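**Q** Quick one: the structure is below, questions incoming.
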There are 2 protein chains.
Amino acid sequence: MILELTERRQRILKLVIQEYIESPAKPVASETLLKKYQLQYSSATIRNELAALEDLGLLTHLHTSAGRIPTDAGYRYFVENLMDRQALSPQEQRTIQHQFYQVRSELDQWIHLAAAVLARTAHNAAVVTPPRAYEVRFKHLELIAIYETVVLLVLVLHDGTIKQQSLTTEQPNSQEDLSNLAQYFNQRLEGATLDLLEGRVTVPDEPPLTPFARMALDVIARAMRQLEGQINEALHHDGLLEMLGQPEFAQVDRVKQLLRILEQGVGIGTLIPQALNSEGVQVVIGGEHGQDTMREYSVILSRYGRSGEVAGVLGVIGPTRMPYPRSISSVRYISSVMSDLLAELYGERSSSA
Amino acid sequence: MILELTERRQRILKLVIQEYIESPAKPVASETLLKKYQLQYSSATIRNELAALEDLGLLTHLHTSAGRIPTDAGYRYFVENLMDRQALSPQEQRTIQHQFYQVRSELDQWIHLAAAVLARTAHNAAVVTPPRAYEVRFKHLELIAIYETVVLLVLVLHDGTIKQQSLTTEQPNSQEDLSNLAQYFNQRLEGATLDLLEGRVTVPDEPPLTPFARMALDVIARAMRQLEGQINEALHHDGLLEMLGQPEFAQVDRVKQLLRILEQGVGIGTLIPQALNSEGVQVVIGGEHGQDTMREYSVILSRYGRSGEVAGVLGVIGPTRMPYPRSISSVRYISSVMSDLLAELYGERSSSA
DNA sequence: GTTTAGCACTCACAAGGTAAGAGTGCTAAA
DNA sequence: TTTAGCACTCTTACCTTGTGAGTGCTAAAC
């Protein structure tokens with residue numbers, strides 16, 4: 001649906017939305033607009049225009065004598081046509097760069113930092129999935145004798161994901177035997193995908209695997225299988241506290257809803273794989289995608305890393321009344337920073353944003 | 001302070017507290033007690049006794065014509081003297097055992113499962129710290145070439161903790177060189193504490209470390225230093241959603257308080273190291289320990305694992321009005337299950353509870 | 001001395017009623 | 001097309017009142 005709006009209507013719509021976002025959440029009255037932004041026409045004219053915008057479905061009313069609030073369509077129009085697309089200030093960019101620089105070598109801190117920084121920058125809740133390769137591939141195995149009959153298996157995958165498992169054996173193991181076995185696996189399995197594992201180590205003309213080696217292989221296969229479909233489960237979030245001050249969350253029911261979205265991925269489950277395969281920043285406003293759970297929330301997501309290689313998703317979740325320009329800039333900028341980090345780690349195949 | 005209460009007063013106090021916990025959070029009236037528990041004395045007598053218990057500081061009033069609610073001291077008396085110390089039902093124990101059995105070899109899942117199970121069993125928020133050794137000791141190092149000049153360093157500590165770091169070098173590295181260096185470190189550093197690291201690898205009559213080896217050693221030292229004081233930061237929690245239905249959290253401010261406790265460790269920071277060095281289940285009711293933040297919350301903590309060896313802390317946090325018997329049983333049982341898991345992993349030095 | 005019936009008293013809470021204020025929508029004139 | 005003016009609507013805050021729950025006290029009963 002393409003809407004042709006007169007310049008004046010565009011201007012008024014934009015002001016209503018900006019005012020509503022900053023007020024915060026107070027319905028916007030014609031008189032307020034007139035006074036605050038010194039418009040050239042009277043409040044009656046503004047009222048006429050507001051009524052027109054309401055007929056177009058971009059604004060609504062809570063009751064006859066209340067000011068206007070934007071509809072989902074109104075926000076959508078704002079995001080696509082009216083919004084000032086300003087980047088984060090150089091000062092903020094430097095601060096963020098600096099924070100990431102400090103943890104650049106600590107892979108397990110990345111997503112925590114990303115979520116924390118994003119939440120604080122966008123003033124909303126943030127979600128981040130860890131970077132994962134499109135395909136799960138074996139990289140390295142380590143077997144460490146922890147205690148006579150207990151072995152710690154550390155599996156490193158091609159994208160840097162690490163899984164640790166413990167194995168209990170009948171007989172005591174020497175570290176030497178374990179290291180040899182690990183080396184054997186490392187030589188044979190380098191780069192293997194899940195379906196290649198078996199074939200690489202069980203070759204017709206060779207002695208079969210020992211029971212322990214068989215067990216280890218099974219554990220590796222199971223771990224890799226588990227990681228294949230795990231994107232949603234690994235959703236990390238931050239910034240809940242940031243949001244609870246907002247008027248939308250004055251009643252606890254709303255907080256519960258939000259928790260279900262953030263902790264259990266209800267409602268954003270489908271959006272994440274979608275964002276992983278898209279370019280640029282995705283904005284979903286309210287119930288646009290037919291998700292009833294999300295009717296009162298907006299989600300701004302972006303992939304970081306490179307599609308098909310190692311990549312993850314990060315984004316912001318908040319009430320539909322959210323500062324879109326700032327949120328979008330934040331998501332865009334932080335995803336570019338994360339992309340650069342990944343590029344550094346996996347070689348310069350990726351390009352900087 | 002030792003309080004001598006007549007049997008009747010004890011009985012009434014116990015009923016008031018149980019009723020208040022289950023009502024939920026409704027002040028308890030004399031008439032209610034009489035009807036619901038068919039006491040042998042009249043409501044007037046009960047009122048006299050209630051007034052006496054109030055004089056002793058075990059109960060209070062919100063206003064003259066309101067029923068009684070317990071004070072912190074009342075809860076304390078209840079927990080120490082009146083509570084029925086029932087264990088979890090065999091059925092529940094089996095379910096919990098079963099859940100832990102399923103992830104017994106996946107170390108990184110333990111604390112997630114523990115928090116989830118504890119929260120659901122105790123119907124409150126749960127906190128769990130990962131198992132950590134009293135002393136941080138080197139166990140194993142792995143250096144993996146990820147990309148020409150990028151190396152993934154995987155450090156395994158003696159307690160099973162894994163840290164991953166990336167290193168960037170000037171020159172490309174061969175996996176063979178890396179493996180050799182790792183092996184060299186593994187031989188020299190086995191079991192070394194932080195202050196021994198340096199001495200083990202820089203021996204007077206040997207060639208000095210290569211720049212890369214020096215860098216790796218620094219990273220190891222930094223990681224170990226970081227882990228030394230990290231108990232609080234690693235606090236994992238679950239069950240927030242579980243609690244929001246309770247009347248205590250009807251207003252969002254309370255939710256914010258709770259979040260600050262769970263996410264930032266405000267108010268429980270000191271309790272955790274304390275629990276780590278104590279035997280048995282610790283119960284802190286309301287502001288007993290002078291923590292103003294915690295005035296309206298109770299904490300039930302227990303160590304799991306063995307003091308001085310590998311151990312962690314788990315527990316329950318809720319409003320002072322919490323089902324103490326059940327929470328305490330849950331914490332006790334799950335800490336014993338976790339202790340058993342640890343014992344299995346690190347040998348039979350620990351005893352089952 | 002302990003228990004209990006009886007009753008006055010207190011306080012929270014809900015219901016109803018009113019007034020004030022914000023803001024629209026419409027009309028008619030500019 | 002714009003705008004002044006005003007009636008109308010609806011929310012919100014505030015008060016008032018009534019009701020019910022529940023205590024605390026007193027005086028009689030056990």
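The values are calculated or read from the model by the stated rules, or taken from the named source; none is laboratory data. Keep in mind that what you see is a predicted model, and the values were worked out from it rather than measured. Heads up, the Cβs are rebuilt from the backbone with ideal geometry, glycines too, and the neighbour counts pull from every protein chain shown. Remember, those area values only see protein heavy atoms, side chains included, never the ligands or the DNA or RNA. Shrake-Rupley method; radii C 1.70, N 1.55, O 1.52, S 1.80 Å.
**Q** So what is the accessible area of the protein assembly as shown per residue, in Å², with the probe set to 1.4 Å?
**A** Accessible area per residue, the protein assembly as shown: 46 Å².
**Q** Something else: Report D for chain B in µm² per second (integer): Stokes-Einstein, Kirkwood Rh on Cα pairs, 20 °C, 1.002 mPa s.
**A** For these conditions, the coefficient is 92 µm²/s.
**Q** Report the residue, chosen from B:118, B:314, B:227, that carries the largest GNM mean-square fluctuation when chain B is represented by alpha-carbon nodes joined by springs under 10 Å.
**A** Its mean-square fluctuation being the largest, the pick is B:227.
**Q** Run the quick spin-label model on residue B:55 and residue A:102: label points 7 Å from Cα toward the beta carbon, then report their separation in nm to one decimal.
**A** So the label points at residue B:55 and residue A:102 sit 6.0 nm apart.
**Q** Right, another one. Using only atoms on other chains, find how many Cβ atoms lie within 10 Å of each Cβ of peptide B:256-263 and report the average.
**A** Across the residues of B:256-263, the mean count of other-chain Cβ atoms within 10 Å is 2.
**Q** Where the eigenvalues come from the Cα gyration tensor of the stretch B:138-228, what are the semi-axes √(5λ) of the equivalent ellipsoid, largest first, in whole Å?
**A** Over the Cα atoms of the stretch B:138-228, the ellipsoid semi-axes are 20, 17, 11 Å.
**Q** Most fluctuating residue of A:284, A:299, A:255 in a GNM of chain A with Cα springs under 10 Å: which is it?
**A** Of A:284, A:299, A:255, the most mobile in the Gaussian network model is A:255.
**Q** Once you order the gyration tensor axes a ≥ b ≥ c over the Cα atoms, which shape class does the stretch B:7-82 get: rounded for a/c under 1.5, otherwise prolate or oblate by comparing a/b with b/c?
**A** It is rounded, given that a/c, with a ≥ b ≥ c, falls under 1.5.
**Q** Measure nothing but the geometry: give the 0 to 90° angle between the long axis through the Cα atoms of A:175-189 and the longest principal axis through the Cα atoms of chain A, rounded to 10°.
**A** Taking the Cα atoms of chain A, the angle to A:175-189 is about 60 degrees.
**Q** Quick one: which residues, 5 or more positions from residue B:61 or on another chain, have an amide H under 5 Å from its amide H? H modelled 1.01 Å from N in the peptide plane, none for Pro or chain starts.
**A** B:69
**Q** Given a 1.4 Å probe and no ligands, DNA or RNA in the count, how much accessible surface is buried by B and A, both sides, to the nearest 100 Å²?
**A** By this definition, chains B and A bury close to 4000 Å².
**Q** So what are the ³J(HN,Hα) numbers for the stretch A:203-216, from phi and the Karplus equation (6.51, -1.76, 1.60; θ = phi - 60°), rounded to whole Hz, Gly and Pro as x?
**A** 3J(HN,Hα) across the stretch A:203-216, in whole Hz: 9, x, 8, 10, x, x, 5, 5, x, 5, 4, 4, 4, 4.
**Q** Anyone know which of A:319, A:27, A:130 comes out most mobile in the 10 Å Cα GNM of chain A?
**A** Between A:319, A:27, A:130, it is A:27 that shows the largest mean-square fluctuation.
**Q** Round to the nearest 0.05 the FRET efficiency obtained for residue A:215 and residue B:214 when R0 = 60 Å and r is the Cβ-Cβ distance.
**A** 0.95
**Q** In whole Hz and in residue order, list the ³J(HN,Hα) couplings for the stretch B:89-100 that follow from phi through the Karplus curve 6.51 cos²θ - 1.76 cosθ + 1.60, θ = phi - 60°; x for Gly and Pro.
**A** 5, x, 4, 5, 4, 4, 4, 5, 3, 4, 4, 5
**Q** Hey, can you grab everything whose amide H is under 5 Å from the amide H of residue A:127? Only 5+ residues off in sequence or another chain; H modelled, so Pro and N-termini drop out.
**A** When sequence neighbours closer than 5 places are left aside, the close amide H contacts are A:315, A:316, A:317.
**Q** Moving to a separate point now. Heavy atoms only, 1.4 Å probe, whole protein assembly: order B:129, B:293 by accessible area, highest first.
**A** B:293, B:129
**Q** Hey, any idea what the orientation-averaged projected area of the convex hull of the stretch B:240-353's Cα atoms comes to, in nm²?
**A** So the mean shadow area of the Cα hull is 7.3 nm².
**Q** Just the accessible area for residue B:108, please: 1.4 Å probe, Å², rounded to the nearest 10?
**A** The value for residue B:108 is about 50 Å².
**Q** List the pairs from A:26/A:256; A:36/A:256; A:163/A:256; A:256/B:163 whose alpha-carbon separation is above 28 Å, in the order I gave them.
**A** Pairs exceeding the cut-off: A:36/A:256; A:163/A:256; A:256/B:163.
**Q** Summarise the accessible area of the protein assembly as shown (1.4 Å probe, protein heavy atoms) by the percent that is carbon and sulfur.
**A** Roughly 48 percent of what the probe reaches on the protein assembly as shown is carbon or sulfur.
**Q** Something else about it: Taking a ≥ b ≥ c as the square roots of the eigenvalues of the Cα gyration tensor of the protein assembly as shown, is the shape rounded (a/c under 1.5), prolate (a/b larger than b/c) or oblate?
**A** Taking the square roots of the gyration eigenvalues as a ≥ b ≥ c, the protein assembly as shown is oblate.
**Q** Roughly how many Å is it from the Cα centre of the stretch B:81-121 to that of the stretch A:50-112, as a whole number?
**A** Here the answer is 43 Å between Cα centres.
**Q** Still on this structure, I have one more. Please work out how much accessible surface residue A:344 shows to a 1.4 Å probe, ignoring ligands, DNA and RNA, in Å² rounded to 10.
**A** 100
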